[in-house]
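One structure is given here, and the rest of the page talks about it.
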Amino acid sequence: MNLSGWGRYPRIDAKLSAPRDLATLRANVHKGNAIARGNGRAYGDSAVSTQNTIHMKHFNRMLGFDTQLGQLVAESGVLLADIIDAFLPRGWFPYVTPGTKFVTLGGLIAADVHGKNHHKDGSFAKCVDWIELLTCEGDFKRCSANENTELFEWTVGGMGLTGVIIRAAIRLRPVSSTWIEQRTMVAENISHAIEIFEKFQDTTYSVAWIDCLQHGNAMGRSLVMLGEHAKAENLPSEYHSELLKIRPKRKLRIPLQFPNWVLNNFSVRVFNALYYSVGKRQSAQKLIDWDSYFYPLDTILDWNKIYGRRGFAQYQCVIPIQMADEGLRALLSTISGAGIGSFLAVLKRFGTQESKFSFPMEGYTLALDLPVNTKTLALMEQLDTITLQYGGRFYLAKDSRMSRFTFQSSEPRATAYSQYRSEQGLNELYCSTQSERLGI
Amino acid sequence: MNKETVLLMGARSDIALALAHRFAKGGNDIQLAARNSNGLIEDKLDIELRYGVNVTLHEFDVLDTTVNELFINSLPMIPDVAVCVIGHMGEQKESERDVQIAALVMRSNYEGPAAILAALANRFEERGSGTLVGISSVAGERGRATNYVYGSAKAGLTAFLSGLRNRLSKKSVHVITVLPGFVYTKMTENMELPVKLTAQPSEVANSVFRAVQKKRNIVYVKPIWQLIMIIIRNIPETIFKRTNI
């Protein structure tokens, strides 16, 4: 059947199975060329293998919760949305969350995702206590920071290439309400945005929207959004009776594929409206519910259709902190000069991170959505070159088109990973279309 | 709906587990009954964690009708709602060849479910309350060459449920017949099913949950099936026997 990631590009004719028990799962893995697939929210081909894609949807049970530690044990196919549904009303929220809640626990670990709090709390790895996975001997191995350490370190961020994650224990964060206090600030250009990020390092959540249309002095003008979990005592009294209640939200569906220009024009108009209204007041502060704050796009269930038939790519790279200002300028001027139309990008400060193969490093990460066509593919090649020039690297959960040369040049850690995989015999059982393209 | 206890028989099936989630989400305690019920421990933990209700596991084999009373007595309480989700399609060709295989299909779809529902019906009647739900099939609406052994057993179950409903309607016991049409389950995993006519287990669960609340009698999960079955039932036999539906 035809499989793709969330970007609906590339589409690959692939064999898909959905085992219901461990014995079947093990038998399927032993056919080789296996990759586990969660909810298909990686943008490209990370969770696709032409020969043997294994859907983990039947491994979707939560098994235990320790209220002292805030530790949840669950199977890898459990959705983050279900974890929030079950535990937010009890005062717990994910320690680290990506921009969608429709991801599985296995996917969160395999991509070692980051959230708006990376500068303060690190990546998802920070809340993973242990992982149980099916490796190559057909055994289930538990690994953690103290047990099978090397396997643990390669598995977190290892893009599913060390085995199939079956279950894991993660820690949640105690919260006293479902509300976020958000403060939005206007940055006149990229240096100003960086200045704001650096100044507010102690704020738990921070992210910026950049208007990629601007040139010159205004290049990188953006809205920097800071957020904190609202404490009960800071909330108006009318909120107090239902501090942890999840309010059902109306979900929208995209009935058809949009022509490519729609999103770009719309998004920039929204941006401009916000930019000027916030700018007038200098900094706007407001209470916002968790769902709108962390997952604004989840309300539109299949927003990936907005980009039309050909699908889209998300481009995300990180530039190390010493080179950030210069590197981002080079990226932004290339984007605004490309004449591809106008769109939004997201900018985020990463804190320090030491890991075997995870994406984040201390610096600034830039992410943008692009419809797939010859022009944008060429632009992304240019951006690759700039990222390499400034010592940056690329987020594999977003990638669908990078060349092997680009990847290998950006990733001195790739050799060690390939070596580990072959020493352990993992390369004989596990691969994805992406790992084959990039030579992992 | 107040907090009630819901018994699900054939609990390992996709439809039963979807029902367990739906009823537990509504705040109801769940009794899961199946063969090798210990294998449902993960589902028990999952449902208890998500919805904060009690889930108990019970050993139950629908073909062993001699122990039905024992089974009911072993439950921590007589449930308010009992759903029988047990079904076994078998291979029509094998059922034609081997009478034992056909008998197993008939017993699994008719004799077994009817027997346990009958035993529960008597308890509910005595108590003067409760809802019984039988998952039957549109295949029981008219015998077709491709699956009439399964269909005839489901026809039996549908008639049995109809009679039970008639008998108990004066005793405050409600009986629901569910005719799901195609459903994406383990049973149909290797079949090519028409998307518009095929329901997800969660859709079946939602329909049954609503039907229990609203005391409906006969439930088609996808309304289109009601229309399809009206047509199929009304084709004259002289024509129907020559068709290849």
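The values are calculated or read from the model by the stated rules, or taken from the named source; none is laboratory data. Just so it is clear, the model here is predicted, and its values are computed rather than measured. Cβ atoms come from the backbone with ideal geometry, glycine included; neighbour counts cover every protein chain shown. These area figures cover heavy atoms from the full protein model, side chains too; ligands, DNA and RNA do not enter into them. Shrake-Rupley method; radii C 1.70, N 1.55, O 1.52, S 1.80 Å.
Below, the figures for the structure above:
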{"quantity": "Around A:Ala313: net Lys/Arg minus Asp/Glu count, Cβ-Cβ under 9 Å", "calculated": "0"}
{"quantity": "Relative contact order [Cα under 8 Å, 6+ residues apart], region A:179-402, whole percent", "calculated": "26 percent"}
{"quantity": "Heavy atoms of B:His174 accessible to a 1.4 Å probe, total area in Å² rounded to 10", "calculated": "20 Å²"}
{"quantity": "Exercise: per-residue mean of other protein chain Cβ atoms within 10 Å, B:41-51", "calculated": "5"}
{"quantity": "Solvent-accessible area buried by B and A, counting both chains, probe 1.4 angstrom, square angstrom", "calculated": "1100 Å²"}
{"quantity": "Relative contact order for chain A, counting Cα pairs under 8 Å that sit 6 or more residues apart, in percent", "calculated": "19 percent"}
{"quantity": "Distance between region B:130-157 and region A:36-101 - C-alpha centres, whole angstrom", "calculated": "38 Å"}
{"quantity": "Descending principal axes extents, region A:179-402, alpha-carbon based, whole Å", "calculated": "54, 44, 41"}
{"quantity": "Fraction of accessible area attributable to carbon and sulfur, the protein assembly as shown (%, probe 1.4 Å)", "calculated": "52 percent"}
{"quantity": "Kyte-Doolittle mean at least 0.5, axial Cα span of 24 Å or more - DSSP H helices of chain A", "calculated": "none"}
{"quantity": "Sequence-distant aspartates and glutamates (8 or more away, or on other chains) whose Cα lies within less than 16 Å of B:Lys170", "calculated": "B:Glu125, B:Glu126"}
{"quantity": "Average beta carbon contacts from partner chains per residue of A:61-68, 10 Å cutoff", "calculated": "4"}
{"quantity": "Sparse-neighbourhood loop sites, GluC sites (Glu not before Pro) in region A:338-384 - DSSP loop, at most 12 other Cβ within 10 angstrom", "calculated": "A:Glu354"}
{"quantity": "With Cα atoms, 0 to 90° folded angle of helix B:201-214 axis to chain B main axis", "calculated": "70 degrees"}
{"quantity": "Bins of 10 Å, starting at 0 and running to the largest distance - Cα pair percent for region A:281-419", "calculated": "10, 37, 33, 18, 2, 0"}
{"quantity": "Probe 1.4 Å, accessible area per residue of chain B, Å²", "calculated": "48 Å²"}
{"quantity": "Extent along principal axes [Cα atoms of region B:5-240; Å; largest to smallest]", "calculated": "54, 37, 37"}
{"quantity": "Ellipticity estimate at 222 nm from DSSP helix runs (n ≥ 4, -39,500 (n - 2.57)) divided over chain A, nearest 500", "calculated": "-8000 deg cm²/dmol"}
{"quantity": "For region B:5-240: relative contact order, % (alpha-carbon pairs under 8 angstrom, 6 or more apart)", "calculated": "19 percent"}
{"quantity": "Amide H contacts of B:Thr131 (H built 1.01 Å from N, under 5 Å, at least 5 apart or other chain)", "calculated": "B:Val81, B:Ala82, B:His174"}
{"quantity": "Surface/4 estimate of mean projected area, convex hull on alpha-carbon atoms of region A:80-188, nm²", "calculated": "8.4 nm²"}
{"quantity": "Whole-Hz couplings from phi, Karplus 6.51/-1.76/1.60, listed for region B:38-54; x for Gly and Pro", "calculated": "4, x, 9, 4, 5, 5, 4, 4, 4, 5, 5, 5, 5, 10, x, 10, 8"}
{"quantity": "Listed peptides A:74-86, B:217-229, B:190-202, A:200-212 by packing density, highest first (mean Cβ within 10 Å)", "calculated": "A:74-86, A:200-212, B:217-229, B:190-202"}
{"quantity": "Translational diffusion of the protein assembly as shown, µm² s⁻¹ [Kirkwood Rh, Cα pairs; Stokes-Einstein; 20 °C; 1.002 mPa s]", "calculated": "77 µm²/s"}
{"quantity": "Ranked packing of B:98-109, A:184-195, B:63-74, most packed first, by mean Cβ within 10 Å", "calculated": "A:184-195, B:98-109, B:63-74"}
{"quantity": "Restraint check, A:Lys101/A:Lys356; A:Lys251/A:Lys348; A:Lys356/B:Lys44, Cα-Cα greater than 29 Å", "calculated": "A:Lys356/B:Lys44"}
{"quantity": "Dipole axis of chain B (+1 Lys, Arg; -1 Asp, Glu on Cβ), positive-most option in B:Gly52, B:Ile176, B:Met187", "calculated": "B:Ile176"}
{"quantity": "Rounded to whole Hz, the Karplus (6.51, -1.76, 1.60) HN-Hα couplings of region A:166-173, x for glycine and proline", "calculated": "9, 8, 7, 10, 10, 9, 9, 9"}
{"quantity": "Only Lys, Arg (+1) and Asp, Glu (-1) charged, at Cβ; region A:63-175 dipole about Cα centre in debye", "calculated": "500 debye"}
